[in-house]
């Protein structure tokens, strides 16, 4: 809850000049304290000289090479969570050396009870429930972004890009080609990593480089402990600026870093024109393609793709789409778009969401960073042009029967230690259609606890006849968008203040901007208390916010108050619970939505993680413009039956009652079985099922409504997928799989399949 003490009457008035001086003194002292804290953190840094040997290692989790005896050594001495810079409860050693081609890392994770080590054979980026160790490196030494490489005790990999400009933000969609292995021993476990320099980006300089480096260990027992080489100061917003430094890298050998990845995909899709009915067998499609990745310099990469296979190999996580007015968001998973994706990110808006480029034939992308200057350029075509049409209370998807050309250009310059300013330009055009967007954004750090993020954008759209008629818009649309976000973050509390203004005709057809014609203010914050070793709870506190939204004519669209408590404790438990009061305008009326919500996650036993979400209260029935009673319950469970078998289960249940009668009941299931033969070979079986039962008699219809637009009493849909994959690395892999799907409605007595697909895919990455 925000402090309201400033509203109290003060009996003793202060002379204006003295008051101004007092304010100036307070601000000065705050900024000085932040400077002192940062200086103290920087002075606590250690510098390490990275050793160089020509020797190569066998990555097997056994440190039997003599080179490790002379490698640079760091100790993970501190527990930073839940403890605050206290001595680490277990010993961990990390060793580094480079041979001109690779950064080689070995980590010994000692454990007094090695029988309690948690580890399973894992697919990539899925090891976070296990014991794991890793390194985080800031290769540009600019304290803004970095790379993360983690390995579990059996050698499973996880890699991520991280951003530290406005808080720790991680992106696990980034994949690099590197080697790892792990082995459990009688004293704990040992991990080895070999990371090619061609997988990283760093300055092109003559002579010595300096990287910010941290070793890291996740140690999950009853409490999940995070152990590191540095002592984290929670009063300093940035993390990378507190890392130790690694000096050296003089012997890195120049490389063109040229990679060719040919792909071959074979597939056949069968469909039923009439359900129930006979199958119409499709033709076998053979789709060769080629991806090219050229590291022009150590900090500049050119990507190109020809006839790419952008098929979705594994199904997206299921989402329940009922009683909603906004389009669903799905993350990007395609390699061409993921490499260097962070170069196109902006401060406050998502203006580049490449999932909107659905079916390109060719694409080319240049990304890089030279000194303080970052840049990105992407050009592609799209044979399936689709984009969001946003409004102030919902969004729709427009799809043109036309090919479009796409251009995205991004430039950003770093200013000082933490500030930056950037420009983004996007353009998408087809016959009688065009959308152009120009944006300026940036980050400004007032101090180590206070920062501002800002963004200004303008878009211009030319709409074809289909769009003007279907969505009731003018042929030409022009609009602006503004956003300003302030953040104050300390160890014990944080505050935020955000302002956003998006005009009615503003569109970002290459991004995910699902709302327009609104002006919004948000004020919020949180407070946290920390336990000691003897406390049952490790953290507890509260958070909340107030926001208010208007349309561009000044009509209030929404006012919302939220207040939640949160706790962390045994069994790696985190939970929050609280209330939301919302006044919302929809379809000409105001509604009051009061809801209670709770969320809890915990690990009751090794290998089993459970998440529960509950929502209860009032919610608008958007189909009929009235208020109902909602109950929503979501369950997610992950179970490692043994080191080979993994089961992921999610269930989303939702119901809405109108005056004591059930309008609908909805269930959505997503079940995934995985058998990991070894670290490269895995068999997966996915089942997704959605069941929505409605009382059609409770729906309000206009006599002019088309019967086909009315909801069904029964609406069920299912899909299954069986995939075998063999992955040597993220680009060298083999898939073979089968999928099908079907549905049931009021016209069908049972579930009927209406499509099935069999496919295989092979790709091989040549490093030249």
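For the reader, a short list of remarks on this structure follows.
- Scanning region 162-174 for residues that are out of contact with any helix residue (DSSP H, G or I) (no Cβ under 7 Å at 6 or more places or on another chain) and crowded, with 19+ Cβ neighbours inside 10 Å, we see that the one that is nearest to residue 420 (Cα to Cα) is 165.
- Test result for residue 89, within 26 Å of residue 237 (Cα to Cα), more than 30 Å from the chain's Cα centre (by Cα) and either assigned by TED's automatic domain parsing to the domain that holds residue 370 or not in a strand (DSSP E or B) (or both): yes
- Some residue of region 128-143 being assigned by TED's automatic domain parsing to the domain that holds residue 92, touching a residue at least 60 places away in the same chain (Cβ under 8 Å), in contact with a helix residue (DSSP H, G or I) (Cβ under 7 Å, 6 or more places away or on another chain) and not in a loop (DSSP other than H, G, I, E, B): yes
- In region 364-406, the residue that is surrounded by the fewest Cβ atoms within 10 Å (Cβ to Cβ) out of those that are under 30 Å from residue 205 (Cα atoms) and in contact with a helix residue (DSSP H, G or I) (Cβ under 9 Å, 6 or more places away or on another chain) is 375.
- Odd one out for residue 205 among (1) without any contact (Cβ under 8 Å) to a residue 40 or more places away in the chain; (2) farther than 30 Å from residue 488 by Cα; (3) touching a strand residue (DSSP E or B) at 6+ places or on another chain (Cβ under 9 Å): (3)
- Yes/no for residue 430 being over 23 Å from the mean Cα position of the chain (by Cα) and without any contact (Cβ under 8 Å) to a residue 60 or more places away in the chain: yes
- Checking each residue in region 150-196 for being under 17 Å from the mean Cα position of the chain (by Cα), assigned to a strand (DSSP E or B) and without any contact (Cβ under 8 Å) to a residue 60 or more places away in the chain picks out 158, 159, 160, 162, 169, 170.
- Selection status of residue 683, part of a strand (DSSP E or B), more than 24 Å from the chain's Cα centre (by Cα) and surrounded by fewer than 16 Cβ atoms within 10 Å (Cβ to Cβ): yes
- The set of residues in region 611-626 being surrounded by fewer than 17 Cβ atoms within 10 Å (Cβ to Cβ) and touching a strand residue (DSSP E or B) at 6+ places or on another chain (Cβ under 6 Å) consists of 611, 612, 613, 614, 616, 618.
- Just one of the listed residues (403, 399) is in contact with a strand residue (DSSP E or B) (Cβ under 8 Å, 6 or more places away or on another chain), free of Cβ contacts under 8 Å to residues at least 40 places away in the same chain and closer than 28 Å to residue 622 by Cα, and it is 399.
- Unmet criterion (only one of (1) at pLDDT 90 or above; (2) closer than 20 Å to residue 141 by Cα; (3) under 26 Å from the mean Cα position of the chain (by Cα)) for residue 209: (3)
- Residue match in region 200-210 (condition: closer than 23 Å to residue 47 by Cβ and in a strand (DSSP E or B)): yes
The values are calculated or read from the model by the stated rules, or taken from the named source; none is laboratory data. Since we're looking at a predicted model, the values are computed, not measured. Heads up, the Cβs are rebuilt from the backbone with ideal geometry, glycines too, and the neighbour counts pull from every protein chain shown.
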